[in-house]
Structure formats: structure tokens, C-alpha cells
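Bear in mind that the values in this text are calculations on the coordinates, not laboratory data. This is a predicted model, so every value here is computed, not measured. Neighbour counts run over all protein chains shown; Cβ positions are idealised from the backbone, glycine included.
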Amino acid sequence: QIIICRQRGCETLWYHLSCVGLDHGIDDWVCDPCKSAEKSRGRGSKQRCRLT
């Protein structure tokens, strides 16, 4: 089973539930790299999230 990151511009987009530690989907889920990128640049920025 997979889940989709809802952050616009996410480079990975699709994640296996087991790889991100979830057992069911979440409607507005955002991956950790996108969460970190959003915090570091502030809300409203149009930069793409990047995996490190």
C-alpha cells in the first residue's frame, strides 16, 4: 500500500506506508522532507522540497 505526499512540488510523491511508519492512509499527509523544507523556508514559499 502507498500514500501520496500532498505538498505541491514533492520530488518523491509516493511512499510505501510501511516505509514511513504508517499502517493506514491519511488524507492530508505530508512527508518529513517536505515538512522540514516548509519549516525552514516559512509558509507560502514556492520552492520544491528536496530529499537529503
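Below are the figures for this structure:
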read-out: Cα gyration tensor, the range 2-41 - rounded (a/c under 1.5), prolate or oblate; value: prolate
read-out: Order by protection proxy (mean Cβ within 10 Å, highest first), peptides 21-28, 3-10; value: 3-10, 21-28
